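Only one structure is covered here, and it is reproduced in the block below.
The values are calculated or read from the model by the stated rules, or taken from the named source; none is laboratory data. Predicted model, so just to flag it, every value in this text is computed and none were measured. Positions of Cβ are backbone-derived with ideal geometry, glycine not excepted, and every protein chain shown enters the neighbour counts.
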Amino acid sequence: MTPRHVLQICAGFGIPVEEKRIRTDELSKIDTAFVRGTSVDVAAIGFMNGMRMRSVSKPLLERIAERYEEEIETYIQRFKKDYV
């Protein structure tokens, strides 16, 4: 599973996503920010540069994280059949 999968999930929900470098003076304009990794799946960024991010309390981010977990489970099950 790659970051591309998270972008596909967002597209499936009709969520516009923009990946770019940002300056600290742009932080207040960000609606939702998250990180994706093998150990944390998809996790909201709570604070950035001392500023509380709005993404912490976003149900939409929870839906993205849940869908990501579902896709990982499907991925595992698909390959598990071949190796068990």
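Some points to look at:
- Scanning the range 18-34 for residues that are among the basic types (Lys, Arg) and either in contact (Cβ under 8 Å) with a residue 40 or more places away in the chain or part of a helix (DSSP H, G or I) (or both) yields a total of 1.
- Test result for ILE15, among the β-branched types (Val, Ile, Thr), modelled with pLDDT of 80 or more and assigned to a helix (DSSP H, G or I): no
- Of the residues making up the range 18-36, those that are at pLDDT below 75 and in contact with a strand residue (DSSP E or B) (Cβ under 8 Å, 6 or more places away or on another chain) are THR32, ALA33, PHE34, VAL35, ARG36.
- Residue that is modelled with the lowest pLDDT [pool: residues in the range 47-84 that are assigned to a helix (DSSP H, G or I) and of a type in the set (Phe, Trp, Tyr)]: TYR83
- Screening VAL42 on (1) under 22 Å from ILE76 (Cβ atoms); (2) at pLDDT 80 or above shows it passes everything except condition (2).
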